[in-house]
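Shown next, in structure tokens, is the structure this report addresses.
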Amino acid sequence: MLAPSRPASATGAAFIDRLQADLGGERVEPLHVTVDRVATDDAAALIRSVHDAAGRLRPAPIRVDRLYFLPSQSRGPEIVKLEVGSDPILDEDTNELLAALRRCGLPSLYPSDRVKPTITTLQRVTRSDAIEADVAGLPFELFVADQVIVSRIAGLARYEILDTATIPTSG
């Protein structure tokens, strides 16, 4: 996962506050972009690989362009997703992390047609037809991803953070 070490931007925090006020549900913490999901029995090798790759990453601005809803059996009835806009630094960081995972022999659990990264913002949302999210203000920069988080699924809608790595600042 690519995540911020600092809180979301003021615009981003206000947007998420409005979403939760409009739609209810629970916030998903930490706020993050999921780069990939893999299955491994060797978490230590995965963590070493991510740390090695983190040294080649740069802090990436995370801009959100679109909001949408998805049904979810484990975190639903619906979750609120934000689609992340394209950015050259984010693309390079994502490619570097994916290459590190493949070098470890870890294939992705995501379908090969997965195109854009997303952020799950709210879970356990029950939307009525009369209630819609206020999407005014899109697009905007939500945060700067300056750390990598390695986590594992610990149960139904529960995750355990195994390790974090700081992305070095340039200059």
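Couple of notes before you dig in:
- Residue count for the stretch 1-32, restricted to those that are open to solvent by less than 30 Å² (accessible area, probe 1.4 Å), of a type outside the set (Gly, Ala, Ser) and not in a strand (DSSP E or B): 8
- Scanning the stretch 33-42 for residues that are farther than 20 Å from PRO4 by Cα and open to solvent by less than 30 Å² (accessible area, probe 1.4 Å) yields a count of 0.
- In the stretch 99-121, the qualifying residues are those that are in a loop (DSSP other than H, G, I, E, B) and open to solvent by less than 40 Å² (accessible area, probe 1.4 Å), and the one that is farthest from LEU67 (Cα to Cα) is LEU106.
- Residue match in the stretch 52-71 (condition: surrounded by 15 or more Cβ atoms within 10 Å (Cβ to Cβ), part of a loop (DSSP other than H, G, I, E, B) and either touching a helix residue (DSSP H, G or I) at 6+ places or on another chain (Cβ under 6 Å) or at pLDDT below 90 (or both)): yes
- Candidate set from the stretch 135-166 (those that are under 20 Å from ARG124 (Cα atoms) and assigned to a strand (DSSP E or B)); member that is least open to solvent (accessible area, probe 1.4 Å): GLY155
- Leading residue by the ranking (surrounded by the most Cβ atoms within 10 Å (Cβ to Cβ)) among those in the stretch 72-94 that are of a type in the set (A, V, I, L, M) and within 28 Å of GLY155 (Cα to Cα): LEU82
- Qualifying positions in the stretch 35-51 - aliphatic (A, V, I, L, M) and part of a helix (DSSP H, G or I): ALA43, ALA44, ALA45, LEU46, ILE47, VAL50
The values are calculated or read from the model by the stated rules, or taken from the named source; none is laboratory data. Here the structure is a predicted model, which is why all the values come from computation and not from measurement. We place every Cβ from the backbone using ideal geometry, glycine too, and count neighbours over all the protein chains shown. These area figures cover heavy atoms from the full protein model, side chains too; ligands, DNA and RNA do not enter into them. Shrake-Rupley method; radii C 1.70, N 1.55, O 1.52, S 1.80 Å.
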